[in-house]
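The structure appears right after this line, and notes come after that.
Only the coordinates and a few stated rules stand behind these numbers; no lab work does. Quick caveat: nothing in here was measured; it's all calculated off a predicted structure.
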Amino acid sequence: MKVGVLASGGGTNLQALLDTVHGHEVEIVAVASDQPAAGALQRADAAGVATRVFARGDFADRATRDAAIADWLDEAGVELVVLAGYMALLDAAFIARYPDRIINVHPSLLPAFPGLAAVQQAVDYGVRVFGVTVHFVDEGVDTGAVILQCPVEVPGVPDADRVLEALRPVEHALLPEAVALIARGAVRRDPAHPRRVVVERR
């Protein structure tokens, strides 16, 4: 399965994918970013993966930019789009081009604490258990059906930085696992409950 990755930052989740599933269950063929200085682009270059920048200021609007990204991914033959720290919202037309073929990793146990600053939200709320979710992307903000989740307890009274540090290795394990499961055909919608996803872990 050919995978395209969208990332805005340092690319540690991309690196986890490159180190685990790339060249095995999947082939990462394209990495795009909205940030010209994103570390993810350097990681992709080092792995010999094609990269391109789609900066906000280079396009008339979000719809035009998203269409350009989708066209580029299509040219690369991408079958699954992975958002790995991509901080821009995708428009409805982009999502419609890849039904149930866009996934995202989010640093909370959704549906709790969607959107930006999820960890800070959770810390401010005083939760005892944090976590990571990999989910399908729909037109809402972190509202797509859950594929995998993993809870993480952080002892004491943690701050957001400590929680993020604890969550990072979980993200690096859970996202590649979800990609591998999808590539194997082990992830499907439950026809009786469209919001639910059936995952066949072996």
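Summary of computed values
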read-out: Isotropically averaged projected area of the stretch 1-113, using the convex hull of Cα atoms (one quarter of hull area), nm²; value: 7.1 nm²
read-out: Spatial separation of Cα centroids for the stretch 143-186 and the stretch 31-107, in angstrom; value: 21 Å
read-out: The stretch 2-199 - share of DSSP beta bridges that are antiparallel (%, nearest 5); value: 45 percent
read-out: Whole-Hz couplings from phi, Karplus 6.51/-1.76/1.60, listed for the stretch 39-49; x for Gly and Pro; value: x, 4, 5, 5, 5, 5, 4, 4, 8, x, 9
read-out: Gaussian network model of the chain, springs between alpha carbon atoms under 10 Å - residue of VAL82, VAL134, VAL154 with greatest fluctuation; value: VAL154
read-out: Crossing angle, helix 160-183 versus the chain [Cα axis fit, 0-90 degrees, rounded to tens]; value: 50 degrees
read-out: Under the Karplus curve 6.51 cos²θ - 1.76 cosθ + 1.60, θ = phi - 60°, whole-Hz ³J(HN,Hα) for the stretch 96-102, x wherever Gly or Pro sits; value: 5, 6, 10, x, 6, 10, 10
read-out: In order through the stretch 78-83: 3J(HN,Hα) via Karplus (6.51 cos²θ - 1.76 cosθ + 1.60), integer Hz, x for Gly, Pro; value: 5, 10, 9, 9, 10, 8
read-out: P(r) tail fraction, the stretch 2-199 - alpha-carbon pairs more than 22 Å apart, %; value: 46 percent
read-out: Amide hydrogen neighbours beyond the local backbone of GLY131, cut-off 5 Å, H modeled; value: LEU109, VAL152
read-out: Principal axes of the stretch 115-192: Cα extent on each, largest first, Å; value: 41, 25, 20
read-out: Nonlocal amide H pairs with ARG189, under 5 Å, H built at 1.01 Å; value: VAL198
read-out: Long-range amide H partners of GLY85 with built H, under 5 Å; value: VAL105
